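The structure under discussion is supplied below as structure tokens; questions concerning it will follow.
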Number of protein chains: 2
Amino acid sequence: MDTELRHRGGETADNAEDITQAVTTETTKEDDVAPKTTAASSHIPPQVDDILPNLDDKKPLIPPQQDTVPEVLKGLPPRWRNWIIRGIWSIIMVAGFLLIIWIGPLGLVALIMLIQLACFREIINIGYAVYKSQDLPWFRTLSWYFLLCANYFFYGESTKDYFGILVHKDLEFLQPLADYHRFISFTLYVLGFCAFVLSLVKQHYLVQFTLFGWTHVTLLIVVTQSHLLVQCIFEGLIWFLLSTSMIICNDIMAYIFGFFFGRTSLIKLSPKKTWEGFIGAFFSTVLYAFAMAYFLAPYQHFVCPANYDDDLKRITMDCEPSSTFIMTEYNIPVIIRAILGLFGIHQSTIWLYPIQIHALALATFASLVSPFGGFFASGFKRAFKIKDFGDVLPGHGGIMDRFDCQYLMASFLHVYLSSFIRTANPAKLLQQVLQLNPDQQLNVFLQFQEHLIKNGLLKA
Amino acid sequence: MDTELRHRGGETADNAEDITQAVTTETTKEDDVAPKTTAASSHIPPQVDDILPNLDDKKPLIPPQQDTVPEVLKGLPPRWRNWIIRGIWSIIMVAGFLLIIWIGPLGLVALIMLIQLACFREIINIGYAVYKSQDLPWFRTLSWYFLLCANYFFYGESTKDYFGILVHKDLEFLQPLADYHRFISFTLYVLGFCAFVLSLVKQHYLVQFTLFGWTHVTLLIVVTQSHLLVQCIFEGLIWFLLSTSMIICNDIMAYIFGFFFGRTSLIKLSPKKTWEGFIGAFFSTVLYAFAMAYFLAPYQHFVCPANYDDDLKRITMDCEPSSTFIMTEYNIPVIIRAILGLFGIHQSTIWLYPIQIHALALATFASLVSPFGGFFASGFKRAFKIKDFGDVLPGHGGIMDRFDCQYLMASFLHVYLSSFIRTANPAKLLQQVLQLNPDQQLNVFLQFQEHLIKNGLLKA
């Protein structure tokens, strides 16, 4: 769970002003720059006004977070008060997270699913508020239905991949669901699509299509990316733990460096972010990842892919660790050797877990690119003039506010694993081969045999 | 190529009035229903007006199609004139299409790619026009860049799957591109994403995010679905030919039945569509599909998956046809037997190609569900008050106007094939197995051998 604190201390108090000011500034600007448009729209009745975002209402779209500050904290200045509230909630989230790791991969999958639901709800609710869609026929139901379809499809695909054997042997009545999974998912989706078309009503066309798009972009961001993360969990907990905790570390360190050394503003979208925080966080995250990989690599619980053990009838994480988690001797690059020489260290090789090197790559992405996910979310919030995505987590805002950077990281982790780490799953491949028709099977077998003999793995 | 004619004869003349009327009606309605909004927006300057669709401008967003009618046709009534123009263009398109089938799968892939580009262009241009984004920094470039990334990713995946061996053997310098395809695609996309975030400008936030969503939904509709179709082409031309021609047949028959018998309006979204056309088209399409499957099934050119022949150094479509294309004796269901009995036909079995039964399933979807793709497109055009997506095809409108139903069908075909027809590709599976590490390979080999012996395919 993400406990990002960032360097935006007294945001609760400050930001509200920020936004009001932004509204005022922009209003003035528009008047200056585009008098023609204003004139044009004054003589034609603004017929689409009530179905399109009219964000200059004084009433905020999403009611601002109600901070119920405990008595003890009331004497403190807001910056510190907020710091303490966020701190306490961060600790609660981290504790809950550790509990779930202890439970294992299925607990994590459930957690990701819950977070995904919460994020979807927050983004969709903004859409409803912005496009004033209270009286739209069916739409609320339809967008949740699409969420259901997307989840059915993605979680089904994962279940099929990883627990296919379980379904095949012990839950045979589920076999048709597995065999025709895509067909069923597609049918479900198409039903929703047709329902959408049938629900179209002349006076709402524009807003209905807008929200259709809104729902699908949300699904694309939230559902597909959490699904990518779920797949990574089954590849070994270490990947999941490393990458999510890197983002948390990066956020906290950016906050701390920004808090103490922050001078130079980084990007207009997030005015509280500084170059000092960004750079400090980069180095901290790289160090953190390198060390964390070292500490986690020796444990099978973290490095082994989840497997359903047919004898024990439960998911196990026991295996012969792959070479990625075995100490290996590396040559130190000449440049680094020269630098070490300056400190009197004369060593030409170093023993590392290969995963430590992968951790460096992940950390680089986590601290240099992932923040763009956060900037994107900030820009989105500013576009729709909202402060936070929600108010579920006191001091933190909505769930989506905590996970904005995690989504981009989840995709990266998935792509990284499938490009550099993941080898095909032998059991799954065998299963696929055995579904070929007899002739093809025999053909594959003979070619396979020939290959093995040629490579000396098998005697002729 | 889709030559749908539908039953909307004199559309050029009629529809323009339709839309003007729609505008007037809606304007009146809005005034009646929502006086509050109008009042509210009159005392607050409408600051977001120039970045949000103001569709009541008298000037159409997309200039209406310029019909340059040849002299010979000028004497005819518009209904017939339009009929002839559309007819001629339909013949041109069908002829071009046949030419491309003769060229083979690669020609078809190129054609789909071109159509996809045209559709993307049309939809994106509507977005630009609607949200008046002429002065948006970078956006035009960025959306085309995203299109490029999506295509690079999808076409790369297909190429890898079907021509992996070719790359492996003869084009070795492309091997890294194949090995790290996902990583490269993701990197390209992320660069675009970061560029988008950096291009955000305060006064354009809202429209920038809207167009970001617009681009992604367009990619989802156009690129992913054409990619699904491309994959189907390699499974055997017959699937592609059957399913695309069914849509064309369904459109033409709906037009003809509607033209002669149309009385009852089908759906408000497309006022020219009738129940009579819909039902007549359903039966015609089912018959057409059943017959067409019968005629195409005996030819290897149509039924064999495309394979790169390493000796001939070209793509071939020779194979031992799978059981789907071999005449099989079926029992006739009791009910149908009873009906046949009434006509004096006493037969309990029938010889069919199994694909003919699949063709019935596809035809049912093509005539009952695919039209919803067309309704969706109609609704979309009405939402944004445009007549057609473009004016490339005289008498037909834009490319997207011809392909609206094909996209849904493409997805269905893909899902249908992967659920009921496609068996794993033996060559691809072997390739994956050979990428395992030696221990795993040996392990898979031994288990495979055991299985084959148990099933009597191999002697112990």
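The values are calculated or read from the model by the stated rules, or taken from the named source; none is laboratory data. Since this is a predicted model, take the numbers as computed values, not measurements. Cβ: placed from backbone, ideal geometry, glycine included. Neighbour counts: every protein chain shown. Side chains included, ligands, DNA and RNA excluded: accessible areas come from the protein's heavy atoms. Shrake-Rupley method; radii C 1.70, N 1.55, O 1.52, S 1.80 Å.
Residue by residue through the range A:312-321, what is 3J(HN,Hα) from phi via Karplus (6.51 cos²θ - 1.76 cosθ + 1.60, θ = phi - 60°)? Round to whole Hz and write x for glycine and proline.
With the stated coefficients, the range A:312-321 comes to 7, 6, 7, 6, 10, 10, 10, 5, 7, x Hz.
How much FRET efficiency would the formula 1/(1 + (r/R0)^6) give for A:Gln435 and A:Trp275, where r is the Cβ-Cβ distance and R0 is 51 Å, rounded to 0.05?
Calculated transfer efficiency: 0.35.
Counting just the Cα atoms, what span does the range B:301-458 cover along each of its three principal axes? Round to the nearest Å and put the largest first.
Principal-axis extents of the range B:301-458 (Cα, largest first): 65, 55, 32 Å.
Run through all the Cα pairs of the range B:321-412 and give the fraction in each 10 Å bin from 0, expressed as whole percent.
Histogramming the range B:321-412 at 10 Å steps yields 14, 26, 23, 17, 16, 4 percent.
Two decimals is fine: what's Rg over Rh for the range A:123-276, C-alpha atoms, Kirkwood radius as Rh?
1.12
For the range B:252-264, take each phi angle, set θ = phi - 60°, evaluate the Karplus expression 6.51 cos²θ - 1.76 cosθ + 1.60, and give the result in whole Hz per residue in order, putting x for glycine and proline.
5, 5, 4, 5, 5, 4, x, 4, 8, 10, x, 10, 9
Here are some pairs, B:Lys160/B:Lys202; A:Lys385/B:Lys273; A:Lys454/B:Lys454; A:Lys268/B:Lys381; B:Lys202/B:Lys381; which of them have Cα atoms lying more than 32 Å apart in this structure?
Pairs exceeding the cut-off: B:Lys160/B:Lys202; A:Lys385/B:Lys273; A:Lys268/B:Lys381.
What's log10 of I(q)/I(0) for the range A:176-220 at q = 0.14, 0.21, 0.25, 0.34 Å⁻¹, Debye sum over Cα points only, no solvent?
Those come out to -0.45, -0.77, -0.91, -1.10, one per q.
Whole Å is fine, so just give me how far the alpha carbon centre of the range A:322-352 lies from that of the range A:84-158.
The range A:322-352 and the range A:84-158 have Cα centres separated by 44 Å.
Note down the net charge around B:Ile326, summing +1 for each Lys or Arg and -1 for each Asp or Glu among other residues with Cβ under 15 Å from its Cβ.
Net charge in that neighbourhood comes out at -3.
Next up: Quick check: residue separation of B:Thr187 and B:Phe260 times 0.36 nm, minus the Cα distance between them. What number comes out in nm?
Working it through step by step, the gained length comes to 20.7 nm.
From the phi of every residue in the range B:432-441, what ³J(HN,Hα) in whole Hz does the Karplus formula 6.51 cos²θ - 1.76 cosθ + 1.60 yield, where θ is phi - 60° and glycine or proline is x?
Working through the residues one at a time gives 5, 4, 6, 8, 5, 6, x, 4, 4, 4 Hz.
Shifting gears a bit: Report, for B:Leu446, each distance to the same residue's label point in the other copies, shortest first and in nm; define the point 7 Å along Cα→Cβ.
2.5
For a Förster distance of 56 Å, can you work out the FRET efficiency between the beta-carbons of A:Asp318 and B:Arg422, rounded to the nearest 0.05?
E between A:Asp318 and B:Arg422, to the nearest 0.05, is 0.95.
Considering amide H positions built from the backbone, and no H for Pro or chain starts, which residues 5 or more places from B:Ile315, or on another chain, come under 5 Å of its amide H?
Residues meeting the amide H criterion: B:Asp309.
Just to be sure I understand: if you take the accessible area of chain B alone plus chain A alone and subtract the pair, with a 1.4 Å probe, what total do you get in Å², rounded to 100?
8700
Across 10 Å bins from the origin, how do the percents of Cα pairs in the range B:194-247 run, short distances first?
Histogram of Cα-Cα distances, whole percents per bin: 21, 30, 20, 15, 13, 1.
How far, in nm, would the chain grow between B:Tyr155 and B:Ala195 when pulled straight, counting 0.36 nm per residue and subtracting the alpha carbon separation?
Contour length minus Cα-Cα distance gives 12.0 nm.
Kindly provide the chymotrypsin sites (Phe, Trp or Tyr not before Pro) of the range B:85-164 that DSSP labels as loop, not H, G, I, E or B, and whose Cβ sees at most 16 other Cβ atoms within 10 Å. Can you show the working numbers first?
On the way: sites: B:Trp89, B:Phe97, B:Trp102, B:Phe120, B:Tyr128, B:Tyr131, B:Trp138, B:Phe139, B:Trp144, B:Tyr145, B:Phe146, B:Tyr152, B:Phe153, B:Phe154, B:Tyr155, B:Tyr162, B:Phe163; in loops: B:Tyr131, B:Trp138.
Answer in residue order: B:Trp138.
Between A:Leu342 and B:Glu450, what FRET efficiency follows from the Cβ-Cβ distance if R0 is 56 Å, with the result rounded to 0.05?
0.40
Something else: Using modelled amide H (1.01 Å from N, peptide plane; none on Pro or chain starts), what sits under 5 Å from the amide H of B:Thr274, excluding residues fewer than 5 places away?
Hits under the 5 Å cutoff: B:Leu266.
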